[in-house]
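Engineer: There's a structure below that I have some questions on.
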Amino acid sequence: MSKKIRVRYDLKGLFFLAPALVFLALSIAFPLFRVFQRSFQEYSAEFRSFVSVDFDQYRKLFADPLFWTSLKNTFLFTGGSILLHLGISYPIALLLSLNWPSKRTRNVFRGSLISPFLFSAPAAALLWGLLFRPLGPLNYLIESIFGTTVAFLGDTRWALISVLIVNGWKSFPLYMVLILGGLQSIPVSLYDAARVDGANWFQTVLKVTIPMMRTLTMTIVLIDFATTFIHFDLVWIMTKGGPMRSTYLMSFFLYEKGLKVFKLGYGSAVGVVVAVIMTFCIAAYLLIYSRGEELKA
């Protein structure tokens, strides 16, 4: 090994990283390799083992209309969730970061707004399922005002919007706390300088807060995308993918095709496609973000 490499990199650190690297290789890399390998095979009851089917799993997958329906719904659900989380979390975090007349009142609001995150997904689904019932309180209120009712979970026009609302309500506290922590880390001197220059509150948020929060916002979007794209439990409990597949996600497709009917090879192919799509989307987002940073520099 050349002296230049030894000087530039402290290779002794690899000994400290070795346990973590071995763990990642065994718990992530090897299972991913096995899933990729199984996507070219299928279990044969005749031979009682997996047999090679070449690219048949992928041909069958891309020819399945249900796959494209689930992909479309997943992107709609994921994109809507990200926009809803940011749209709720940012304004609330900005309000909670202001100086209130009473700090105790502000802290009470902070604590109460975290409460939705304490609900498990099944609990949140059951709670909102009661609210969305045809004879539930929401429809009672809507009927008293507009004279009609809404089939929140039974109408293809409203089902996906309804589960989006529930997911936004349950998960926004996490991102609100992250954004609030980021806001509190911005140096006060930047705000003082903006006020000296005559900037109002909105201009300060636009020119100081948002640019300083770009990296954190990028991280939040990546976390939200990775967790929402494979979302399962909340939507499954509320709609089972209905009505008429309007809330049918890729996680449902993977569950039904891979586990429910025990087509492990086909399910592995679905898992590989999901992993490729997520990797491509995240890489494209990071590329766009890095190019934007280079143009600003």
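All of the numbers you see were taken from the coordinates with simple rules; none came from a lab. Computed from a predicted structure; not experimentally measured. Cβ coordinates were reconstructed from backbone atoms using ideal geometry, including for glycine residues, and neighbour counts include every protein chain displayed.
Engineer: Cα-Cα over 20 Å: which of 72/263; 72/260; 60/263; 103/207?
Structural biologist: 72/263; 72/260; 103/207
Engineer: Something else: Choose one answer from 169, 100, 236: the residue with the largest mean-square fluctuation in a GNM of the chain with alpha-carbon springs under 10 Å.
Structural biologist: Of 169, 100, 236, the most mobile in the Gaussian network model is 100.
Engineer: Based only on other Cβ atoms within 10 Å, what is the fewest-to-most ordering of 143, 256, 46?
Structural biologist: Ranking 143, 256, 46 by Cβ neighbours within 10 Å, fewest first, gives 46, 143, 256.
Engineer: Let me ask you something else. In the chain, which whole DSSP H runs stretch at least 30 Å along their own axis (Cα) and average 1.0 or higher on the Kyte-Doolittle scale?
Structural biologist: Qualifying helices: 65-96, 159-184, 264-296.
Engineer: Let me ask another. Charges on Cβ only, +1 for Lys and Arg, -1 for Asp and Glu, centred on the Cα centroid of the chain; of 92, 250, 238, which one is farthest towards the dipole's positive end?
Structural biologist: 92
Engineer: Go ahead and set up a Gaussian network model of the chain, Cα springs under 10 Å, then flag whichever of 54, 192, 155 fluctuates most.
Structural biologist: The residue that fluctuates most here is 192.
Engineer: Of the trypsin sites (Lys or Arg not before Pro) in segment 15-124, which ones lie in a loop per DSSP and count no more than 16 other C-beta atoms within 10 Å? Intermediate results must be reported in sequence, preceding the final value.
Structural biologist: Details: sites: 34, 38, 48, 59, 60, 72, 103, 104, 106, 110; in loops: 48.
Filter output for segment 15-124: 48.
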